[in-house]
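The numbers here are math on the coordinates, done by the rules we state, and not lab data. These numbers come from a predicted model, not from an experiment. Counting neighbours? That spans all protein chains shown, and the Cβs are built from the backbone with ideal geometry, glycine included.
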Amino acid sequence: MGKSTLMNALVGERMSIITNKPQTTRHRIIGLLSGDDFQIVFSDTPGIIDNPTYGMQKAMNRFARSTFEDADIMLFVLDVNERYPDDDPVIEQLKNVKVPLFLLINKIDKVHADKVEAVRKIWTDRVDFSEIHEISALHKTGTDQVLDAILKRLPEGPAYYPKDQLTDRPERFFVSEIIREKILELYHQEIPYSTEVIIESFKETETNKGEPLTRISAIIFVSRKTQKPIIIGKEGKSIKKLGTEARKSLEKWLEMKVFLELHVKIKEDWRDDDRQLKWLGYS
Ligand SMILES: Nc1nc2c(ncn2[C@@H]2O[C@H](COP(=O)(O)OP(=O)(O)O)[C@@H](O)[C@H]2O)c(=O)[nH]1
Ligand SMILES: [Mg+2]
């Protein structure tokens, strides 16, 4: 845990949503960092899910695995408190990495130094890493050193993106992610995992006082009939709270006033429906 937090720390903009729940990141998201003579293309991915049940999860695994094919440097972010059994398929995958492979022991702010040392020892014996760094992605401890190490090993080549570009995703994508982040925070159990957010319209206008205003209309798709009343809540209380929290977060991100409208629709079993998955960007 800490992949998305790390990418945000390194790119310096809020690219990926972060929650304390697993499977928050569903897509491969690119964050760009350009200097006078370099460009780093960071690729934040979902974690690999052991036993994917839904088509959506299989797609998430494909996004995660695709980085094994085209990355010049691989960063394996390990939560210092996380354990992997010896036969974990992730370990086998790491052993097959052909490019420089960094172990980043994350969340060192949460444990004593001897714990970090013990984890380092275990993983040094397990996998032949090119480098090991101890970091706190949250507090940006050790992240500058990671950046320097990446720059030292970055192959030479042309810049793929314009220097001022920060990501390959349109603004609308981040708007839907910010709403999804609030759903992950406010709802429990299966609800956030059964939900997808689609931006129906996104318009920059003005308030009647002439201040900039973005009007956003979003649809929340759930995968079962019974989930709709849960999203809405008693007398609409839950969705009202979601709307307020999401609007505040969007106003911060867009740096202007936001008018947000939320609708809930049922898309029966969308997580296993190839057509829907394609439409929702999971292919
Ligand atoms: N204490 C601490 N928490 C962290 C650190 N890095 C990430 N977290 C928290 O761990 C959780 C998961 O982080 P996230 O970046 O979404 O992990 P991902 O699933 O690998 O992308 C969030 O609640 C983060 O705030 C860290 O260095 N220290
Ligand atoms: Mg993530």
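For the stretch 3-153, DSSP calls about 40 percent of its internal beta bridges antiparallel. For a paramagnetic label modelled on Phe202 (point 7 Å from Cα along Cα→Cβ), amide N atoms under 16 Å away belong, within the stretch 261-282, to 261-262, 280-281.
Treating the chain as a set of equal point scatterers at the Cα positions, no solvent, please give the Debye-formula log₁₀ I(q)/I(0) at q = 0.10, 0.16 Å⁻¹. Relative scattering, expressed as log10 I(q)/I(0), comes to -0.60, -1.35. Loop-located trypsin sites (Lys or Arg not before Pro) in the stretch 1-94 (DSSP state not H, G, I, E or B) with no more than 12 neighbouring Cβ atoms inside 10 Å: Arg83. Which FRET efficiency, nearest 0.05, do Arg83 and Leu147 yield, Cβ-Cβ r, R0 35 Å? The formula returns an efficiency of 0.80 here. Taking the DSSP beta bridges with both ends in the chain, the antiparallel portion is around 45 percent. Under the combined filter of DSSP loop state and at most 14 neighbouring Cβ atoms within 10 Å, the stretch 146-219 retains these GluC sites (Glu not before Pro): Glu156, Glu190. Rg and Dmax over the alpha-carbon atoms of the stretch 62-109 stand at 11.5, 32 Å. Between Glu171 and Asn51, the C-beta separation translates, for a Förster distance of 25 Å, into a calculated FRET efficiency of about 0.10.
Working from label points 7 Å from Cα in the Cα-to-Cβ sense, the Tyr160 to Glu92 distance is 2.8 nm. I'd like the orientation of helix 171-186 relative to the chain: the angle between its Cα long axis and the longest Cα principal axis, in ° from 0 to 90, rounded to 10. Around 90 degrees separate the two axes.
Using the eigenvalues of the Cα gyration tensor, what equivalent ellipsoid semi-axes result for the stretch 3-153 when each is taken as the square root of five times the eigenvalue, whole Å, largest first? All intermediate terms of the calculation are to be shown ahead of the outcome.
Details: eigenvalues 88, 85, 53 Å².
They are 21, 21, 16 Å, listed from largest to smallest.
Three principal axis extents describe the C-alpha atoms of the stretch 171-279; from largest down they are 44, 32, 19 Å. How high is the FRET efficiency from Glu211 to Glu261, r the C-beta distance, R0 30 Å, rounded to 0.05? Efficiency computed from Cβ-Cβ geometry: 0.95. Label separation (Gln189 vs Glu251): 3.4 nm, computed from points 7 Å beyond Cα along the C-beta direction.
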